[in-house]
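Q: Can you keep this structure in mind? I'll have questions shortly.
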Amino acid sequence: MHEALLSALSTVNDPELHRDLVSLGMIESASLEQGVARIKVNLTTPACPLKDKIEGDVRSAVMQVPEVQDVIVTFGAMVRSAAQPALPGVKHVVLVGSGKGGVGKSSVAVNLAASLARDGARVGLLDADVYGPSVAHMMGQSGAKVTANAERKMLPIEAHGLKFVSMGNLSPAGQALVWRGPMLHSAIQQFIKDVVWGELDYLIVDLPPGTGDVQLSLTQTIQVTGAVIVTTPQDVALIDAARAIDMFRKASVPVLGVVENMSYFVAPDTGLTYDIFGRGGSRKLGDQFELLGEIPLDTEVRRDADAGQPGVLAHPNTPASQALVQVARNLAGQISVRSLASLPNQLTVV
């Protein structure tokens, strides 16, 4: 009967990977007892964007097996490492960048990290915007100080279910950092190599705007899974977003997708939608880049950031939070596709 269940499950494809669950090694167990089939599927990420579809497809396929009267589907998750993991214990490093400031990049990075953590992933957040660190404030930890262990390695601060490090917790509030390139490079090296990140599925890196020293230091120091480009819809932002994409291309960093922030605004009193910055402009960047999502303007996101709480946690039911959650899951899906692209045709099934 175990073989019959596996045969049925081999007809179910992962919607993103376009290979069957059995050959992908995603079936952790399959059994039948008193007419009830119990199937455990090991997803490639806790933030799987198509979990409901996989469950429905598994149920439909297994119900075709004789003697099966009901199906109980449960899920686990195991994020597969990149072919060359960036750091010991860190499976994926994802850079969140933009060609210019003012597009909400840091807010998107914080909410992506918080959403992935809420879904069950082990997440770290590195604030690499050394000149303008804002992650500490957005995480409600402006007054916290980074400590060190006996080996003089930095211990990240923990809040909202994830670990983070920010220059905002290492320098006095309001003090400007007047550093040249070599000092920036040294700081980034320390953030990457001298922080006890532990075991992480994803390390999200909030980059400074533009295409400068920090971006070069990161891409030349570690193996990056990919980058996310945050932009707003108008041409003046898209011009600089294209420059950021070109920088990642020259650094051989794959662009995992584009996030169109401040894409539209829904008036709370009338429900009417206004395309304040011209919705859909990010598609001008080209069809080869996945549109991870369109985030509406939402005053709650701003209030939550000022209050030190990721909006996806503080107000999960707002349109902006729901859009950010979907962006995070789409991003996790893109990472899974890239991670599993080089897998052999058949993996071991328990």
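Q: Here is a check on your reading of the model: is Pro133 free of Cβ contacts under 8 Å to residues at least 40 places away in the same chain, assigned to a loop (DSSP other than H, G, I, E, B) and farther than 21 Å from Pro15 by Cβ? Walk me through it before giving the result.
A: On the way: free of Cβ contacts under 8 Å to residues at least 40 places away in the same chain: yes; assigned to a loop (DSSP other than H, G, I, E, B): yes; farther than 21 Å from Pro15 by Cβ: yes.
It is true that Pro133 is free of Cβ contacts under 8 Å to residues at least 40 places away in the same chain, assigned to a loop (DSSP other than H, G, I, E, B) and farther than 21 Å from Pro15 by Cβ.
Q: Surrounded by fewer than 22 Cβ atoms within 10 Å (Cβ to Cβ) and farther than 21 Å from Gly278 by Cα: which single residue out of Val236, Val205, Val196, Val214 fits that description? Step through it out loud before you land on a result.
A: On the way: Val236 fails: farther than 21 Å from Gly278 by Cα; Val205 fails: surrounded by fewer than 22 Cβ atoms within 10 Å (Cβ to Cβ); Val214 fails: surrounded by fewer than 22 Cβ atoms within 10 Å (Cβ to Cβ).
Matching residue, one of Val236, Val205, Val196, Val214: Val196.
Q: Mind checking which pairs have a first residue in region 234-255 that is modelled with pLDDT of 90 or more and a second that is of a type in the set (D, E, K, R), Cβ under 6 Å, 6 or more apart or different chains?
A: Sorted first by the residue in region 234-255, then by its partner, the pairs are Leu238/Lys284; Asp240/Lys100.
Q: Do we have any residue at all in region 305-317 that's closer than 13 Å to Thr232 by Cα, open to solvent by less than 60 Å² (accessible area, probe 1.4 Å) and without any contact (Cβ under 8 Å) to a residue 60 or more places away in the chain?
A: Going residue by residue through region 305-317, those that are closer than 13 Å to Thr232 by Cα are none.
Checked region 305-317: no residue is closer than 13 Å to Thr232 by Cα, open to solvent by less than 60 Å² (accessible area, probe 1.4 Å) and without any contact (Cβ under 8 Å) to a residue 60 or more places away in the chain.
Q: Tell me the residue from Leu95, Leu116 that is touching a residue at least 24 places away in the same chain (Cβ under 8 Å) and in a helix (DSSP H, G or I), please. Don't jump to the end; show me each part of the working.
A: Working: Leu95 fails: in a helix (DSSP H, G or I).
Just a single option satisfies the conditions, and that option is Leu116.
Q: Looking at region 99-147, which of the residues that are β-branched (Val, Ile, Thr) and in contact with a strand residue (DSSP E or B) (Cβ under 6 Å, 6 or more places away or on another chain) is surrounded by the fewest Cβ atoms within 10 Å (Cβ to Cβ)? Spell out how you get there, then give the answer.
A: So the first thing to find is which residues in region 99-147 are β-branched (Val, Ile, Thr), and the list is 103, 108, 110, 123, 130, 135, 146-147.
Checking the rest, the ones that are also in contact with a strand residue (DSSP E or B) (Cβ under 6 Å, 6 or more places away or on another chain) come to 103, 108, 123, 135, 146-147.
Values: Val103: 24, Val108: 25, Val123: 25, Val135: 27, Val146: 17, Thr147: 10.
Per the criteria, the residue is Thr147.
Q: Residues to consider are Ile276, Ile245, Ile295; find the one that is more than 23 Å from Val94 (Cβ to Cβ) and either surrounded by 17 or more Cβ atoms within 10 Å (Cβ to Cβ) or not hydroxyl-bearing (Ser, Thr, Tyr) (or both). Spell out the reasoning first.
A: Details: Ile245 fails: more than 23 Å from Val94 (Cβ to Cβ); Ile295 fails: more than 23 Å from Val94 (Cβ to Cβ).
On inspection, the qualifying residue turns out to be Ile276.
Q: Would you confirm, using the coordinates I've provided, whether Gln326 is open to solvent by 50 Å² or more (accessible area, probe 1.4 Å), over 29 Å from Ser81 (Cβ atoms), of a type in the set (S, T, N, Q) and assigned to a helix (DSSP H, G or I)?
A: Numbers: open to solvent by 50 Å² or more (accessible area, probe 1.4 Å): yes; over 29 Å from Ser81 (Cβ atoms): no; of a type in the set (S, T, N, Q): yes; assigned to a helix (DSSP H, G or I): yes.
Spelling it out, it is not the case that Gln326 is open to solvent by 50 Å² or more (accessible area, probe 1.4 Å), over 29 Å from Ser81 (Cβ atoms), of a type in the set (S, T, N, Q) and assigned to a helix (DSSP H, G or I).
Q: Please go through region 285-297 and pick out each residue that is on the phi < 0 side of the Ramachandran plot, of a type outside the set (Asp, Glu) and modelled with pLDDT of 85 or more.
A: So the first thing to find is which residues in region 285-297 are on the phi < 0 side of the Ramachandran plot, and the list is 285, 287-292, 294-297.
Now narrow it down to the ones that are of a type outside the set (Asp, Glu): 285, 288-289, 291-292, 295-297.
Of everything in region 285-297, those that are on the phi < 0 side of the Ramachandran plot, of a type outside the set (Asp, Glu) and modelled with pLDDT of 85 or more turn out to be Leu285, Phe289, Leu291, Leu292, Ile295, Pro296, Leu297.
Q: Within region 1-59, which residues are assigned to a helix (DSSP H, G or I), free of Cβ contacts under 8 Å to residues at least 12 places away in the same chain, under 24 Å from Ala332 (Cα atoms) and of a type outside the set (Gly, Ala, Ser)?
A: Within region 1-59, Asp52 is the sole residue that qualifies.
Q: Considering only region 69-88, I want to know if a residue exists there that is buried (at least 17 other Cβ atoms within 10 Å of the Cβ), among the charged types (D, E, K, R), under 21 Å from Val327 (Cα atoms) and at pLDDT below 95.
A: Yes, there is a match, as at least one residue in region 69-88 is buried (at least 17 other Cβ atoms within 10 Å of the Cβ), among the charged types (D, E, K, R), under 21 Å from Val327 (Cα atoms) and at pLDDT below 95.
Q: Go through the residues of region 19-35 one by one and say whether even a single one is within 28 Å of Ala323 (Cβ to Cβ) and either at pLDDT 95 or above or exposed (fewer than 14 other Cβ atoms within 10 Å of the Cβ) (or both).
A: In the first step, residues of region 19-35 are kept if they are within 28 Å of Ala323 (Cβ to Cβ); the result is 26.
Going one step further and asking which of them are either at pLDDT 95 or above or exposed (fewer than 14 other Cβ atoms within 10 Å of the Cβ) (or both), we end up with none.
No, region 19-35 contains no residue that is within 28 Å of Ala323 (Cβ to Cβ) and either at pLDDT 95 or above or exposed (fewer than 14 other Cβ atoms within 10 Å of the Cβ) (or both).
Q: In region 178-213, how many are under 30 Å from Ala150 (Cβ atoms) and touching an Asp or Glu at 6+ places or on another chain (Cβ under 8 Å)? Give the steps one after another, and end with the answer.
A: Just the residues of region 178-213 that are under 30 Å from Ala150 (Cβ atoms), to begin with: 179, 182-206.
Right, trim to touching an Asp or Glu at 6+ places or on another chain (Cβ under 8 Å) and you get 184-185, 206.
Count: 3.
The values are calculated or read from the model by the stated rules, or taken from the named source; none is laboratory data. Keep in mind that this is a model prediction, so the values were computed, not measured. Backbone-built Cβ (ideal geometry, glycine too); neighbour counts: all protein chains shown. All accessible areas refer to the heavy atoms of the entire protein, side chains included, with ligands and DNA or RNA removed. Shrake-Rupley method; radii C 1.70, N 1.55, O 1.52, S 1.80 Å.
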